[in-house]
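The values are calculated or read from the model by the stated rules, or taken from the named source; none is laboratory data. None of these values were measured; they are calculated from a predicted model. For neighbour counting, all protein chains shown are included, and Cβ atoms are generated from backbone atoms with ideal geometry for every residue, glycine included.
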Amino acid sequence: MKRRDFLGAASASLAAATLPPLAGCTTAPPLPPGSLLGPSPALGHRLRDGGLPAPAETLRVPVLIVGGGISGLSAAWKLSRAGFDDYLLAEMDGEPGGNSRAGNTPAGPCPLGAHYLPLPTREATATRELLAELGVLSGDPRAAKPAYDERYLCAAPQERLYRHGLWQEGLLPVHGVAAGERDQYARFLDRMAAFRRARGGDGRRAFALPMALSSRDAALRALDRLSMRDWLRQQGFDSANLHWYVDYACRDDYGAGSDVVSAWAGIHYFACRNGEARDVADDIVLTAPDGNAWLARGLAAGVRGRTLTGAAACRVAESGERGAGRGGAVEVDLWRAADGRVLRVVAEQLIWAAPLYLLPHVFVGNDALKQAARTWTHAPWLVANLTLAAEPETPAGAPLAWDNVLFDSPGLGYVVSTHQTLRQRPGPTVLTYYQALADVAPTRGRELLLGLSREAWAAAVLSELARPHPEIHELATRVDVVRYGHAMARPTVGFVWGGARELFAADRPRIRFAHADVSGFSLFEEAQYRGVLAAERTLQQLGVRFTTSLA
Amino acid sequence: MSQALLFSVFVVASCGLAYELIAGALASYLLGDSVTQFSTVIGSYLFAMGIGSWLSRYIVRDLIARFVQIEVMVGVIGGFSAAALFFLFVWLSAPFQLLLYSLVLAIGILVGLEIPLIMRILKRQLAFKDVVSQVLTFDYLGALAVSILFPVLLVPHLGLIRSGLFFGLLNVLVALWAIHLFRAQLPSAAWLRGQCLAAVAVLVAAFAGAGAATDFAEAQLYADDIVHAESSPFQRIVVTRWKDDLRLHLNNNLQFSSRDEYRYHEALVHPGLATLPGARRVLVLGGGDGLAVREILKYPQVESVTLVDLDPAMTRLFSTAPALRALNADALLSPKVRTINADALKWLEESDERFDFIVVDFPDPSNFAIGKLYSSAFYRLLEKHLAETGLAVVQSTSPLYARQSFWCVVTTIESAGLVATPYHALVPSFGEWGFVIAGRRGYAPPATYPVPTRFLTPATTPALFEFPADMARVDAEVNRLNNQVLVRYFEAEWRRVIR
């Protein structure tokens, strides 16, 4: 019976993948209900295609922040912390939070995107400051080993891997792995530990987080010119299991495989984290049932009343002479999908905290920037939230962990929303399943992602999770699907140190770019750093005194 | 004649598979990890059958008589295999796996002998191709029949021990039938028949559990005499009785034996509560059997006892079943007692009540879910519910068998800012057992016990707080939610204890 369900679902999803309109004709089991979430592609296309009405009203503000993801919220957070409240934050969606939003299900909150924060590195001072403000870090935020609130430290067991029909602890495959391969694991981890301690000729950490603080040593930057996979081969690593693990890490953090991610970025993943905490292993992460939404809420706490939601920037123009007196201004037209009207905001300073792929469609002039912005590629991602009546069983092998990864799967596995709760009583839970569409080029991936219905994706995810959990069809009461066409920038070969990124990282007199795209990859610490840096540069420009949050 | 023999093949094959299934099921039931148990049992069994088949070449004469004797041996050894394994597991500290695989090998060898012998007997009447075709057909059919009957009918209705005896009986009946069929060719039919009848008698007696069985067989059967069994959403609750000894098992772990539970519960409650003459409000976490509550209710000054146990099936059972109510002296029905079926941790998080005395009587930290109930976060939460001069007592597994686990609990309680006072007591059915008293200030053992006790005396009390060299303190990490070291210590330590 269960096997038949599994085959039915698999064939339905296969049919859906090839012939979407016919998906309903197969004998799939009834799918649990659910909804389709995520940034609306229609809204984005409307902006891209232009033809919007002329502005109906004009508003003047000293500072406008476009984009309410982590970088935009961080910019606003820093402005507010400096006592500067003359700003407006425009967010395209109905609520801020970007990739760090939470969903609500009958089984409680769950992440819609980003779901953890590693122990902040020594350099991630703004992140530490935020955690201290939220009461999660106690004592000196810049201490080597601060104490963190135990409720946010991921409870054990943190991760497990499903491989060859069995769950094992940890993510590096161990069962039936030959000694030679294990030696390669050890050698690889040693290499990464050495990179973690290494410093470049300029005295900076080889791989820092925020990445802007990394060494500019040419020998290190040369790692950006080959792929992570080629680097592994070059270093004599040929273990298939090690290659799987590294590829998994690249897809997990960058939405792209180790064959396209640059070795600099691939090594950065393993070598940048030097965060430590009192009484806690270094590889523990901070997490919560709603993923990273508690961090976004913490950043947004001071921004209330200065946020304009449902407002998408559709035109950005620098007006040198005509503007607001003191040497020019930036005009930003905000299209509000709710009433179809356009609001013109004239700002002295603009913090652009929206993804850079939007830039060519909305910026007037600035051809060099537009040209550079076109070199970004963004990974499409699928997130599925499966509300279950009970946790899935593990009759043998490692018990249910927070992060549960499937070997040789197109997906990245799932996290369990109720992992941090202290309950003993079995009860409903939410599994958040992640899949970066990394097997094909991003544009093709986006077509696939946006071309399939919720039902088709839900069936595909259920059949994938039915491999370790045949009972998943009976347990699932809802399957909500979130699609991100442009989830994150991809640090492909040559991109991190190729020049385009640095163009946006440089300070400018009026428009500052704050999105994590400027770092080349999407991490909480990067987004926050870019937002805070843009805010601090803006404050400096405006002559407002502040204490820096940056290292 | 040949039809009759083929029917025996069917029966013999059924029995052969049944013993294999019984050994596999018992091993996974008692030892856990069913994938490993089933594959190693089936593997060894098939290997042993191969040995039997090879050995069959050395049986050259008196084929029928040998076949009959093999059937009787299979019947008796196979029939009693489940009972023997159960008995040894529950009552002796014998090396269980050694016995398990010895039995599997013995039965496998004997079963491996059966089919080759039958084929050679039948060869006298049928062509070789027919012998092979028919014998193997019935062999596999028999296996199919049992593989379906075993989970659907036999285990649910007869249980493993009686299923074993039932198949043993079938083997012996096949032997009897063979004697009858070949009586003309058997010189010593009467002697063989006598052996069969003796085996039948033993098996029937054991099966019926009547007084005719030997004391030995009786003991084996009664070791498994289940007076109550239910599966709640949280656990498998089994109450067994052997003579006057009632035992509670949760998920196959012994919780108490009525013969010595007073030692455990007196040691759990009185060293702490006897020092608190002003204790009015008491909280019991876990302990749905009401036995700790029974001890607490001996103190007249206690005005209320709040019992928080996860499983309503437990508190229901211990407030309704007459034998269990007698054991806890109707503690759960006392008007002073408030029973709450809730998650202890969630209840503590949501409640703001404070208590003069808290009894923490959770199962041993054998998995990550229960491990959370022994974490520093839990003890910090517990501290918030202690009255200013209140005390808590924590059952903390065995300082002898799980020494580092025990001291890990002590270290963890201390890490939560509480003063921990460890002590221990001998509970024969558990062995040496450990407890920890936790309070904001230091604690001194009571000079007298104001309530009647069977085990504790003021004179012997100081000895409870002395730890001999083999239980003395060892270093242990603090058990935190993010490391769960206690579950890892506990697993490693109990794995070393041979059962």
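Out of all the residues in region A:393-406, which are within 14 Å of another protein chain (Cβ to nearest Cβ) and aliphatic (A, V, I, L, M)?
Of region A:393-406, the ones within 14 Å of another protein chain (Cβ to nearest Cβ) are A:393-404.
Of everything in region A:393-406, those that are within 14 Å of another protein chain (Cβ to nearest Cβ) and aliphatic (A, V, I, L, M) turn out to be A:A396, A:A398, A:L400, A:A401.
Which members of region A:163-180 meet the condition of being in contact with a Pro (Cβ under 8 Å, 6 or more places away or on another chain) and away from every other protein chain (no Cβ under 14 Å)?
Scanning region A:163-180 gives a single hit, A:R163.
Looking at (1) closer than 21 Å to B:G75 by Cβ; (2) without any contact (Cβ under 8 Å) to a residue 12 or more places away in the chain, find the lone condition where B:L144 falls short.
Looking at each condition in turn, B:L144 falls short on (1).
Would you be able to say whether some residue in region B:427-434 is of a type in the set (F, W, Y), more than 14 Å from chain A (Cβ to nearest Cβ), under 34 Å from the mean Cα position of the chain (by Cα) and assigned to a helix (DSSP H, G or I)? Give the derivation first.
First, pick out the residues of region B:427-434 that are of a type in the set (F, W, Y): B:430, B:433.
Of the ones still in play, those that are also more than 14 Å from chain A (Cβ to nearest Cβ) are B:430, B:433.
Right, trim to under 34 Å from the mean Cα position of the chain (by Cα) and you get B:430, B:433.
Those left that are additionally assigned to a helix (DSSP H, G or I): none.
The answer is no; no qualifying residue exists.
If we keep just the residues of region B:465-499 that are in contact with a helix residue (DSSP H, G or I) (Cβ under 7 Å, 6 or more places away or on another chain) and not in a loop (DSSP other than H, G, I, E, B), which is surrounded by the most Cβ atoms within 10 Å (Cβ to Cβ)?
Per the stated criteria, the residue is B:L486.
Scan A:L350, A:L242 and give me the residue that is in a helix (DSSP H, G or I), over 23 Å from the mean Cα position of the chain (by Cα) and aliphatic (A, V, I, L, M).
Working: A:L350 fails: in a helix (DSSP H, G or I).
Within the list A:L350, A:L242, the selection yields A:L242.
Just need a number here: residues in region B:151-207 that are among the β-branched types (V, I, T), closer than 21 Å to B:E114 by Cβ and under 32 Å from the mean Cα position of the chain (by Cα).
Matching residues across region B:151-207 total 3.
How do the pairs read when you match residues in region A:407-432 that are away from chain B (no Cβ under 14 Å) with residues anywhere that are of a type in the set (V, I, T) and surrounded by fewer than 21 Cβ atoms within 10 Å (Cβ to Cβ), using Cβ under 6 Å and keeping only pairs 6 or more apart or on different chains?
Hits for this filter: A:V430/A:T105.
Failed condition for A:E159, given (1) at pLDDT below 95; (2) within 30 Å of A:D408 (Cβ to Cβ), with all others met?
Condition not satisfied by A:E159: (1).
What do you reckon, is B:A331 among the small types (G, A, S), at pLDDT 95 or above and surrounded by 22 or more Cβ atoms within 10 Å (Cβ to Cβ)? Step through it out loud before you land on a result.
Details: among the small types (G, A, S): yes; at pLDDT 95 or above: yes; surrounded by 22 or more Cβ atoms within 10 Å (Cβ to Cβ): yes.
Yes; evaluated as a whole, the condition is true for this residue.
Return yes or no: is B:H249 under 20 Å from B:V359 (Cβ atoms), touching a strand residue (DSSP E or B) at 6+ places or on another chain (Cβ under 9 Å) and free of Cβ contacts under 8 Å to residues at least 60 places away in the same chain? Before you say what the answer is, go through the steps one by one.
Values: under 20 Å from B:V359 (Cβ atoms): no; touching a strand residue (DSSP E or B) at 6+ places or on another chain (Cβ under 9 Å): yes; free of Cβ contacts under 8 Å to residues at least 60 places away in the same chain: yes.
Against the criterion (under 20 Å from B:V359 (Cβ atoms), touching a strand residue (DSSP E or B) at 6+ places or on another chain (Cβ under 9 Å) and free of Cβ contacts under 8 Å to residues at least 60 places away in the same chain), B:H249 does not qualify.
Being surrounded by fewer than 20 Cβ atoms within 10 Å (Cβ to Cβ), touching a residue at least 60 places away in the same chain (Cβ under 8 Å) and not hydroxyl-bearing (S, T, Y): is that true of A:W244 here?
Working: surrounded by fewer than 20 Cβ atoms within 10 Å (Cβ to Cβ): yes; touching a residue at least 60 places away in the same chain (Cβ under 8 Å): yes; not hydroxyl-bearing (S, T, Y): yes.
Yes: the conditions hold for A:W244.
Does A:T309 fit the bill of being buried (at least 17 other Cβ atoms within 10 Å of the Cβ) and either among the hydroxyl-bearing types (S, T, Y) or at positive phi (or both)? Give the steps one after another, and end with the answer.
On the way: buried (at least 17 other Cβ atoms within 10 Å of the Cβ): no; either among the hydroxyl-bearing types (S, T, Y) or at positive phi (or both): yes.
The answer is no for A:T309.
Report yes if B:R441 is charged (D, E, K, R), within 17 Å of B:E261 (Cβ to Cβ) and assigned by TED's automatic domain parsing to the domain that holds B:A377, otherwise no.
No; evaluated as a whole, the condition is false for this residue.
For region B:367-388, which positions are more than 8 Å from chain A (Cβ to nearest Cβ) and of a type in the set (A, V, I, L, M, F, W, C)?
Once the filter is applied, which keeps residues that are more than 8 Å from chain A (Cβ to nearest Cβ) and of a type in the set (A, V, I, L, M, F, W, C), region B:367-388 yields B:L381, B:L382, B:L386, B:A387.
Among residues belonging to region A:433-444 that are crowded, with 17+ Cβ neighbours inside 10 Å and part of a loop (DSSP other than H, G, I, E, B), point out the one that is nearest to the other protein chains (Cβ to nearest Cβ). First the steps, then the outcome.
Let us first name the residues in region A:433-444 that are crowded, with 17+ Cβ neighbours inside 10 Å, namely A:433-438, A:442.
Filter once more, so that each one left must be part of a loop (DSSP other than H, G, I, E, B): A:437-438.
Details: A:L437: 32, A:A438: 30 Å.
Top of the filtered list is A:A438.
Tell me which residues, restricted to region A:255-279, are closer than 30 Å to B:L481 by Cβ and either crowded, with 22+ Cβ neighbours inside 10 Å or not assigned by TED's automatic domain parsing to the domain that holds A:A179 (or both). Can you show your working first?
Start the filter on region A:255-279 by keeping residues that are closer than 30 Å to B:L481 by Cβ, which leaves A:268-279.
Listed by number, the residues that qualify are A:H268, A:Y269, A:A271, A:C272, A:G275.
I'd like the full set of residues that are more than 10 Å from chain A (Cβ to nearest Cβ) and touching a strand residue (DSSP E or B) at 6+ places or on another chain (Cβ under 7 Å), limited to region B:325-346. Break it down into steps so the answer makes sense when it comes.
Our first condition is that a residue be more than 10 Å from chain A (Cβ to nearest Cβ); within region B:325-346, this holds for B:325-340.
Listed by number, the residues that qualify are B:L327, B:A331, B:L332, B:K336, B:V337, B:R338, B:T339, B:I340.
Only helices (runs of 4 or more DSSP H) wholly contained in region B:30-144 count here; list those with 3 or more residues that are away from chain A (no Cβ under 14 Å), loosely packed, with under 14 Cβ neighbours inside 10 Å and modelled with pLDDT of 80 or more. Before you say what the answer is, go through the steps one by one.
Working: elements: B:34-55, B:63-91, B:96-122.
In region B:30-144, B:34-55 are the helices (runs of 4 or more DSSP H) which contain 3 or more residues that are away from chain A (no Cβ under 14 Å), loosely packed, with under 14 Cβ neighbours inside 10 Å and modelled with pLDDT of 80 or more.
Just to be sure before I move on: is B:L144 assigned by TED's automatic domain parsing to the domain that holds B:A13, in contact with a helix residue (DSSP H, G or I) (Cβ under 7 Å, 6 or more places away or on another chain) and of a type in the set (A, V, I, L, M) in the structure I sent? Don't jump to the end; show me each part of the working.
Details: assigned by TED's automatic domain parsing to the domain that holds B:A13: yes; in contact with a helix residue (DSSP H, G or I) (Cβ under 7 Å, 6 or more places away or on another chain): no; of a type in the set (A, V, I, L, M): yes.
The answer is no for B:L144.
Any residue in region B:1-29 that's modelled with pLDDT of 80 or more: show its pairings with residues that are charged (D, E, K, R) at Cβ separation under 7 Å, as long as the two are six or more apart or on different chains.
From residues that are modelled with pLDDT of 80 or more, the pairs are B:V9/B:D139; B:V12/B:E114; B:A13/B:D139.
With among the aliphatic types (A, V, I, L, M), farther than 18 Å from B:V11 by Cα and out of contact with any Phe, Trp or Tyr (no Cβ under 8 Å at 6 or more places or on another chain) as the only criterion, which of B:L103, B:L122, B:L144 stands out? Before the answer, list the steps.
On the way: B:L122 fails: farther than 18 Å from B:V11 by Cα; B:L144 fails: farther than 18 Å from B:V11 by Cα.
Only one candidate qualifies: B:L103.
Which of the residues spanning region A:258-297 are of a type in the set (A, V, I, L, M, F, W, C) and within 14 Å of chain B (Cβ to nearest Cβ)?
At the first step, the residues of region A:258-297 found to be of a type in the set (A, V, I, L, M, F, W, C) are A:260-261, A:263-265, A:267, A:270-272, A:277, A:280-281, A:284-286, A:288, A:293-296.
Within region A:258-297, A:A277, A:V280, A:A281, A:I284, A:V285, A:L286, A:A288 qualify.
Check whether at least one residue in region A:491-504 is among the aliphatic types (A, V, I, L, M), closer than 30 Å to A:A222 by Cβ and touching a strand residue (DSSP E or B) at 6+ places or on another chain (Cβ under 8 Å), and report yes or no. First the steps, then the outcome.
Kept after step one, since they are among the aliphatic types (A, V, I, L, M), are these residues of region A:491-504: A:493, A:496, A:500, A:503.
Narrowing the set further to residues that are closer than 30 Å to A:A222 by Cβ leaves A:493, A:496, A:500, A:503.
This time we only want the ones that are touching a strand residue (DSSP E or B) at 6+ places or on another chain (Cβ under 8 Å), so: A:493, A:496.
Checking region A:491-504: at least one residue is among the aliphatic types (A, V, I, L, M), closer than 30 Å to A:A222 by Cβ and touching a strand residue (DSSP E or B) at 6+ places or on another chain (Cβ under 8 Å).
Residues of region A:209-226 being surrounded by 22 or more Cβ atoms within 10 Å (Cβ to Cβ) and not in a helix (DSSP H, G or I), which ones?
A:L209, A:P210, A:S214
Quick one: in region B:299-323, which of the residues that are part of a helix (DSSP H, G or I) and free of Cβ contacts under 8 Å to residues at least 40 places away in the same chain is farthest from B:P452 (Cα to Cα)? Full working, then the answer.
So in region B:299-323, the residues part of a helix (DSSP H, G or I) come out as B:312-320, B:322-323.
After this cut, where a residue has to be free of Cβ contacts under 8 Å to residues at least 40 places away in the same chain as well, the list is B:315-316, B:318-320, B:322.
Values: B:T315: 25, B:R316: 28, B:F318: 23, B:S319: 23, B:T320: 26, B:P322: 24 Å.
Taking the candidates together, the pick is B:R316.
Tell me, which residue of region B:347-366 that is more than 12 Å from every other protein chain (Cβ to nearest Cβ) and aliphatic (A, V, I, L, M) is farthest from B:L250 (Cα to Cα)?
B:I358
Test A:D290 against the stated conditions and say whether it is closer than 30 Å to A:P106 by Cα, in contact (Cβ under 8 Å) with a residue 24 or more places away in the chain and touching a Cys at 6+ places or on another chain (Cβ under 8 Å). Steps first, please.
Working: closer than 30 Å to A:P106 by Cα: yes; in contact (Cβ under 8 Å) with a residue 24 or more places away in the chain: yes; touching a Cys at 6+ places or on another chain (Cβ under 8 Å): yes.
Yes: the conditions hold for A:D290.
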